[in-house]
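The values are calculated or read from the model by the stated rules, or taken from the named source; none is laboratory data. Predicted model, so just to flag it, every value in this text is computed and none were measured. Note that we place each Cβ from the backbone using ideal geometry, even for glycine, and neighbour counts take in every protein chain shown. These area figures cover heavy atoms from the full protein model, side chains too; ligands, DNA and RNA do not enter into them. Shrake-Rupley method; radii C 1.70, N 1.55, O 1.52, S 1.80 Å.
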Amino acid sequence: MAKFGIGQGATRVEDQRFITGKGTYTDDINAANQVFGTVVRSPVANAVLKSVNVDAAKAAPGVLAVITGKDFASKAGNVIPCMVPIKNRDGSDRADILRPILAIDKLCHVGDHIAFVVAETAAQAQDAAELVDVDFEELPAVHDTATATGSSALVHENVAKNLAYDWQFGDETAVETAFSGAAKTVKIELVNNRVIANAMEPRACVADFDKASGRLTLHVCGQGVWMFKTFLAEHILNMPAENVRVVTPDVGGGFGMKAFFYPEYALSCFASRELGRPVKWTGDRSESMLVDAMGRDHVTTAELAFDSGHHIVGMRVHTIANMGAYLSTFAPFIPTGAALKVLPGVYDVKHLLYHVEGVFTNTTPVDAYRGAGRPESIYCMERLIEAAARDLGVDRAELRRKNFIQSAQMPFTTTAGETYDSGEFDRVMAVALENSEWNSFESRRKEAAQKGRFRGIGMCYYIESTMGNPNEATAVRFEEDGTVSVAVGTQNNGQGHETAYAQIISEFLGVPFESVRLIEGDSDLIASGGGTGGSRSVTAQGTAIRAASEKVIERGKHYAAQEFEAAVADIEFADGVFQVRGTDRSVDIMTLAKKAKSAATQPEGYEGGLDADASITLEAWTFPNGCHIAEVEIDADTGTTDVVRYTVVDDFGKVINPTLVAGQIHGGVAQGIGQALMERTVFDDNGQLLSGSFMDYCMPRADTMPNFMTSTEEILCRNNPLGMKGCGEAGSVGACAAVINALIDALSPIGVRNVDMPATPESLWTLMNQAKAA
């Protein structure tokens, strides 16, 4: 067994450089002779752009260029494409609104890009940006999700009712029949509040165009380099793809938001090509909160229908999903196809109808945020199931148990069309109930009441589908210095890839864990890759590493056979050692790899030593699942909430590193609690962002989080050879419903039946006083 192989809690190797300040982030990169760019942004949410006068800015000290939309469009593609061409429910295409890199005649949200100023210093660029004179005619703004289709104002004049798309899945007649014949129906209305991603590292880039070679290099903090390379070469700069190199160094958090291509990257590259000098752009926190892709923002009506035995016979959901001013890269897919994957949850729902209206508003575009559609769906289902339990007068856990898809039914194709390969939901919930001391909760409720506090307990049983590009590649190289390089197509954003991948290759090849070196984030060094997102990394990349390792072993057997003058069939490999079967003749893999590099004679068809490349395609994704149980206490006088206990039991299949898994769960749950209790994105009637700083947008902190009790039940996945299921987004998928269900349970004795996110002290105080008055 490898010293730090699969299943062991190896300490993160990357943390040494991070905590000692030796990480290299995009803003740490500086090129010789570089200049600095800044964006002139729209001060209003909806306006006709009449003119942009840049004369004064161009004459300002240190200014090298001021680029407008007309300037850009005359020499480059001024559009960032949306990659999701979904159909409306009548078969027509969704609205195809082109998102400009720089506005030419229309401004659609506060922060929209008007011009790009480049100067010798960042301060000079910022000062000159203040001199750009923008003439516009302000129009009424659309900002509210629920009323966007009924607004008299339009975001885009050629999109009626602000309706970006009108999408539906399911058999409407069958669902109507199920509801009409149901013994009991339950209906709730939900708000899934908009959130700002707020990665620790703001977005940044350094673009360097070399006129002599015609090559462009873009350093950027992203979640994968290949889409950026394609966008720049094919959609924006119209240059050969081989002349574009995209490099991503260390990244301080992504959460989906950094997966997308933004105007600043195109502008920096364009300016570098025009000026022949490197151009650096670094967003500040205010810019990040204003223009980075936001998450969630749904208004939903959801219903369940039950038969007389309390089995779910139908589910009907209508969601209005706010897209913001433009369709971001994957935005239309998030509330439709992505959310649909797990909308029935872990339950045997017989019939499903899911209707989504995507709406344009004069707000920042919305796209994938940690979980990307799956947290929204699980929040919907798990709020419904607890509301149903109250209406039916049955135990919440028992209602879930009665409707669970059973392990004997696996693989199970849901009414949403997804095939769950594995899962023992009753087993996982039973462990969570025991670990949380669910059965003794009422005594804790009574103790809290004596202190003037409402105490509640809530459950969420989540399931999510990992997703993304099913293709992945790996290259394994044995280096002269005795290290093993592993080139991967994913991008570490803080998840611990350097550690996890070293464990996987150490497990399969027996190479020393500490000798593994990760190569990622460079389109020149890695031919292709799927990037990081959708909890795909370890599942897809781990499978590719395993495939490459098998090729290394096969190659090694031929070299070992040559070394020992034996038949290839007689060579065995285990724990990093090649051995002639039945003898004591053996050689370890590192020694053999070094000999193979310089071997005078090399086995035919296996030239080049033990180095190997592999590409894989996953035939199906994985379905992580688990049970979250939250306990909250609410101060009766102020509405202040404390999450006092939090229990999670997860099924992640085969766990690569339990320490890394716990870290991912803690982070995801913290984000979910943040959304549930405090994160509130507010636009006023004019489309101005009112929560644009940490003074107005509340983020979770260590002192607002409980101690988390986490554990796993290993139920192996059948969809990949390692038995793994992704874990990166799972915490965020289960947390919101667990916390809000706990709040409703706490306040149900005084008649509160619904609590929307974020459940701030003010909103809870209002609910409690309304309930007391009623």
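Suppose we filter the stretch 504-530 for residues that are within 22 Å of ILE656 (Cα to Cα) and either without any contact (Cβ under 8 Å) to a residue 40 or more places away in the chain or not small (Gly, Ala, Ser) (or both); how many remain?
Final tally of qualifying residues: 14.
Among the residues in the stretch 250-263, are any over 22 Å from the mean Cα position of the chain (by Cα), among the aliphatic types (A, V, I, L, M), on the phi < 0 side of the Ramachandran plot and open to solvent by less than 10 Å² (accessible area, probe 1.4 Å)?
no
Among the candidates ALA321, ALA233, which residue alone is of a type in the set (A, V, I, L, M) and buried (at least 21 other Cβ atoms within 10 Å of the Cβ)?
Step by step, each of ALA321, ALA233 is checked, and only ALA321 is of a type in the set (A, V, I, L, M) and buried (at least 21 other Cβ atoms within 10 Å of the Cβ).
Mind checking which residues of the stretch 655-686 are within 30 Å of ARG536 (Cβ to Cβ) and either among the small types (Gly, Ala, Ser) or surrounded by fewer than 18 Cβ atoms within 10 Å (Cβ to Cβ) (or both)?
PRO658, THR659, ALA662, GLY663, HIS666, GLY667, GLY668, ALA670, GLY672, GLY674, ALA676, listed by residue number.
Out of the stretch 612-640, which residues are closer than 22 Å to GLN541 by Cα, in a loop (DSSP other than H, G, I, E, B) and in contact with a Ser or Thr (Cβ under 9 Å, 6 or more places away or on another chain)?
LEU618, ALA620, TRP621, THR622, PHE623, PRO624
Can you name every residue in the stretch 114-128 that is within 12 Å of ALA65 (Cβ to Cβ), in a helix (DSSP H, G or I) and within 35 Å of the chain's Cα centre (by Cα)?
ALA125
In the stretch 711-760, how many are open to solvent by 10 Å² or more (accessible area, probe 1.4 Å), in a helix (DSSP H, G or I) and either among the acidic types (Asp, Glu) or in contact with a strand residue (DSSP E or B) (Cβ under 7 Å, 6 or more places away or on another chain) (or both)?
1
Looking at this structure, is THR282 modelled with pLDDT of 95 or more and surrounded by 24 or more Cβ atoms within 10 Å (Cβ to Cβ)?
For THR282, the condition - modelled with pLDDT of 95 or more and surrounded by 24 or more Cβ atoms within 10 Å (Cβ to Cβ) - is not met.
Every residue, every condition in (1) touching a helix residue (DSSP H, G or I) at 6+ places or on another chain (Cβ under 9 Å); (2) in a loop (DSSP other than H, G, I, E, B); (3) surrounded by 15 or more Cβ atoms within 10 Å (Cβ to Cβ); (4) without any contact (Cβ under 8 Å) to a residue 60 or more places away in the chain, yes or no:
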| residue | (1), (2), (3), (4) |
| --- | --- |
| LEU64 | yes, no, yes, no |
| ILE67 | yes, no, yes, no |
| PHE72 | yes, no, yes, no |
| CYS82 | yes, yes, yes, no |
| PRO85 | yes, yes, no, yes |
| GLY111 | yes, yes, yes, no |
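Please list, ordered by first then second residue, the pairs with beta carbon atoms under 7 Å, 6 or more apart or interchain, first in the stretch 648-671 and farther than 14 Å from THR11 by Cα and assigned to a helix (DSSP H, G or I), second among the hydroxyl-bearing types (Ser, Thr, Tyr) and open to solvent by 20 Å² or more (accessible area, probe 1.4 Å).
Taking only residues 6 or more apart or on different chains, the pairs are ILE665/THR710.
Identify, from the list ARG245, ARG215, ARG277, the residue that is in contact with a helix residue (DSSP H, G or I) (Cβ under 9 Å, 6 or more places away or on another chain), of a type in the set (D, E, K, R) and closer than 20 Å to LEU518 by Cβ.
ARG245
Check VAL552, VAL538 and return the single one that is under 30 Å from GLN495 (Cβ atoms), touching a His at 6+ places or on another chain (Cβ under 9 Å), surrounded by 18 or more Cβ atoms within 10 Å (Cβ to Cβ) and not aromatic (Phe, Trp, Tyr).
Of the residues listed, the single one that is under 30 Å from GLN495 (Cβ atoms), touching a His at 6+ places or on another chain (Cβ under 9 Å), surrounded by 18 or more Cβ atoms within 10 Å (Cβ to Cβ) and not aromatic (Phe, Trp, Tyr) is VAL538.
For THR466, only one of the following conditions fails: (1) of a type in the set (Val, Ile, Thr); (2) open to solvent by 10 Å² or more (accessible area, probe 1.4 Å); (3) under 26 Å from the mean Cα position of the chain (by Cα). What is its number?
(2)
Could you list, in sequence order, the residues of the stretch 619-647 that are closer than 24 Å to PHE412 by Cα and either surrounded by fewer than 19 Cβ atoms within 10 Å (Cβ to Cβ) or in contact with a strand residue (DSSP E or B) (Cβ under 8 Å, 6 or more places away or on another chain) (or both)?
Selection gives GLU619, ALA620, THR622, PHE623, PRO624, ASN625, GLY626, CYS627, HIS628.
Enumerate the helices (runs of 4 or more DSSP H) found wholly within the stretch 489-599, keeping only those where 3 or more residues are under 38 Å from the mean Cα position of the chain (by Cα).
Here the list reads 497-509, 542-564.
For the stretch 230-243, does any single residue satisfy the condition of being in contact with an Asp or Glu (Cβ under 9 Å, 6 or more places away or on another chain) and either among the aromatic types (Phe, Trp, Tyr) or in a loop (DSSP other than H, G, I, E, B) (or both)?
No, there is no match, as no residue in the stretch 230-243 is in contact with an Asp or Glu (Cβ under 9 Å, 6 or more places away or on another chain) and either among the aromatic types (Phe, Trp, Tyr) or in a loop (DSSP other than H, G, I, E, B) (or both).
Looking only at the stretch 295-318, filter to residues that are surrounded by 24 or more Cβ atoms within 10 Å (Cβ to Cβ) and among the aliphatic types (A, V, I, L, M); which one of those is nearest to ARG203 (Cα to Cα)?
Among those that are surrounded by 24 or more Cβ atoms within 10 Å (Cβ to Cβ) and among the aliphatic types (A, V, I, L, M), it is VAL317.
Given VAL349, VAL359, which one is modelled with pLDDT of 95 or more, surrounded by fewer than 24 Cβ atoms within 10 Å (Cβ to Cβ) and either in a loop (DSSP other than H, G, I, E, B) or not aromatic (Phe, Trp, Tyr) (or both)?
Result: VAL349 is the single residue among VAL349, VAL359 that is modelled with pLDDT of 95 or more, surrounded by fewer than 24 Cβ atoms within 10 Å (Cβ to Cβ) and either in a loop (DSSP other than H, G, I, E, B) or not aromatic (Phe, Trp, Tyr) (or both).
Which one of these does ALA57 not meet: (1) part of a helix (DSSP H, G or I); (2) open to solvent by 40 Å² or more (accessible area, probe 1.4 Å); (3) over 30 Å from ASP575 (Cβ atoms)?
(2)
For the stretch 174-218, name all the residues that are in a strand (DSSP E or B) and polar (S, T, N, Q).
Scanning the stretch 174-218 gives THR185, ASN192, THR217.
Looking at this structure, is CYS698 at negative phi, surrounded by 21 or more Cβ atoms within 10 Å (Cβ to Cβ) and of a type outside the set (Asp, Glu)?
no
So, in the stretch 140-164, of the ones that are more than 14 Å from ALA95 (Cβ to Cβ) and either outside any loop (DSSP other than H, G, I, E, B) or not hydrophobic (A, V, I, L, M, F, W, C) (or both), which residue ends up least open to solvent (accessible area, probe 1.4 Å)?
Within the stretch 140-164, the match that is least open to solvent (accessible area, probe 1.4 Å) is THR145.
Among the residues of the stretch 365-422, what is the count of those that are of a type in the set (Val, Ile, Thr), touching a helix residue (DSSP H, G or I) at 6+ places or on another chain (Cβ under 8 Å) and either surrounded by fewer than 24 Cβ atoms within 10 Å (Cβ to Cβ) or under 16 Å from LYS350 (Cα atoms) (or both)?
Residues flagged as of a type in the set (Val, Ile, Thr), touching a helix residue (DSSP H, G or I) at 6+ places or on another chain (Cβ under 8 Å) and either surrounded by fewer than 24 Cβ atoms within 10 Å (Cβ to Cβ) or under 16 Å from LYS350 (Cα atoms) (or both) within the stretch 365-422 amount to 2.
Filter the stretch 211-225 down to the residues that are within 14 Å of PRO240 (Cα to Cα) and touching a strand residue (DSSP E or B) at 6+ places or on another chain (Cβ under 9 Å), then identify the one that is most open to solvent (accessible area, probe 1.4 Å).
Going through the qualifying residues, I end up with ARG215.
Checking ALA45 against (1) surrounded by fewer than 20 Cβ atoms within 10 Å (Cβ to Cβ); (2) in contact with a Ser or Thr (Cβ under 8 Å, 6 or more places away or on another chain): exactly one of these is not met. Which one?
Of everything listed in (1) surrounded by fewer than 20 Cβ atoms within 10 Å (Cβ to Cβ); (2) in contact with a Ser or Thr (Cβ under 8 Å, 6 or more places away or on another chain), ALA45 misses just condition (1).
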